[in-house]
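The values are calculated or read from the model by the stated rules, or taken from the named source; none is laboratory data. Only a predicted model underlies this, so the values are computations on that prediction, with no experimental measurement involved. Cβ placement follows ideal geometry from the backbone for every residue including glycine, while neighbour counts extend to all protein chains displayed. Please note that ligands, DNA and RNA were not included when accessible areas were found on the heavy atoms of the full protein model with its side chains. Shrake-Rupley method; radii C 1.70, N 1.55, O 1.52, S 1.80 Å.
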Amino acid sequence: MNGADTAWIIVATALVLFMTLPGLALFYGGLVRARNVLSVFMHCYAIACLMSVLWLAFGYTIAFGSGTSGLWGGLDKMFLNGVTADSLSGTLPEVLFFAFQMTFAIITPALIVGAYVERVGFGFVLVFSGLWMLLCYAPVVHWIWGGGFLADGGIFGETGVRDFAGGIVVHETAGLAALIIAFFLGPRKNRTIPPHNPGYVMIGAAMLWVGWFGFNGGSQLAADGGAAMALTVTHISAATASLSWALWEKIKYGKASLVGLVTGTIAGLASITPASGFVGPVEALIIGAVAGVLCQEMVNLIRNKMQIDDTLDVFAVHGVGGIFGTIMIAVFGAGAWAAQLGALVIVGVFTVVVTIVLVKVSAAITSLRVDLESETNGLDLSVHGERAYDMNS
């Protein structure tokens, strides 16, 4: 065990949990109407709780068990069977590696929340998120990070796919799942009401930015120069994408918005995630500059051309950002084209198929969408019996 590595990953684990609670909750919560903000908080918080329990029970062993099939890790580490305080994973206590990866298993299904806010059934959120994490996310983790068939020595030869912190594992899977759920749900009855609290959006985005240092810097799994470089390029990409998004907004619409500026931040963070262990500051500058424009144009394509109500643009920002960053690894010569593109296709097809099946299964167990009256009155009051703001108190 290395004490410095262990101390850093303890901090990184806290930072990644901070991304979901409270960062993502505030970012998404500010983007919806006032009558739905508590439901968004509820979704993020409940997913964090449920994924923690499921990761302990089955998720970790599926992703990082000792199985040698290349497809999944087996069930030998269910409920951390055989893992003690003295067990090691590299230079870290294995229980710490478990906890760090658990925070990734929390935020990935939580990202999908943005696609279905304001109209989804709460039971569906829990059933789908739990099944999806175990049957879609955890196997993909094994394929790429757990020594599976897409990793080094797998189907792409000695050098497998390069995905440092989750461009494919986290952002492509969550983005595609979000797009599919949005398609099956159908649009909200009223799509034109603006975000109720842009201040929440900015605060949430700022928390995500800070937390992302643990997300990307922690993925080095060591306290060394690689972690420091990953942290630095993460920051540069986020800053550059924020500016390029705002500039593109100004050019197209005459005004740059706060919500646009901070959405650009998230686009830059998602885009640098897979590449953060393989590029330097100049490459990060390029990735961020392109991501701010590319993801904004994808928002317009999905909203206006495809007419899919991916409410908070999960696929356009996270999905497209993660895919773009994964491709840029090959562009900058840090990964093989066949491995980068091949893994994107394989994981993409798998995610689409599994997500469609799980939407159908979950909808058969519990209601996919609330009724029109509940949607009109807002999910806070109709589903959870609470209001975020009592103007009379």
Discussion item. Connecting C-alpha atoms closer than 10 Å in a GNM of the chain, tell me which of Gly90, Gly260, Gly73 has the biggest fluctuation.
Written reply: Gly90
Worksheet entry | Per-peptide average of other Cβ atoms within 10 Å, ordering 315-322, 220-227, 54-61 highest first | 315-322, 54-61, 220-227
Worksheet item: Ignoring ligands, DNA and RNA, what percent of the accessible area of the stretch 161-226 is carbon or sulfur (1.4 Å)?
Response: 66 percent
Discussion item. Quick check on packing: order 132-138, 385-391, 155-161, 173-179 by the mean number of other C-beta atoms within 10 Å, highest mean leading.
Written reply: 173-179, 132-138, 155-161, 385-391
Practice prompt. Could you pull out every whole DSSP H run in the chain that spans at least 30 Å of Cα extent along its own axis and averages -1.0 or higher on the Kyte-Doolittle scale?
Written response: 94-116, 225-253, 337-365
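For the chain, what is the accessible area per residue in Å², given a 1.4 Å probe and the full set of protein chains? Provide the component values of the computation, followed by the final result.
Details: 14660 Å² over 393 residues.
Heavy-atom SASA per residue in the chain reads 37 Å².
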Item to complete: Give the residue from Ala177, Ile62, Ala256 lying farthest towards the positive end of the charge dipole for the chain; charges sit on Cβ (+1 for Lys and Arg, -1 for Asp and Glu) and the dipole is referred to the Cα centre.
Response: Ala256
Item to complete: Could you work out the Rg to Rh ratio of the chain, with Rh taken as the Kirkwood radius (inverse of the mean 1/r over all Cα pairs)?
Response: 0.95
Item to complete: Counting helices only, and only those DSSP H runs with n ≥ 4, report the 222 nm mean residue ellipticity of the chain as the sum of -39,500 (n - 2.57) divided by its residues, in deg cm²/dmol to the nearest 500.
Response: -19500 deg cm²/dmol
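First compute the accessible area of the stretch 1-152 with a 1.4 Å probe, then give the percent of it belonging to carbon and sulfur atoms.
On the way: 3420 of 4770 Å².
Carbon-and-sulfur percentage of accessible area, whole number: 72.
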Worksheet item: Hey, any idea what the orientation-averaged projected area of the convex hull of the stretch 88-133's Cα atoms comes to, in nm²?
Response: 3.7 nm²
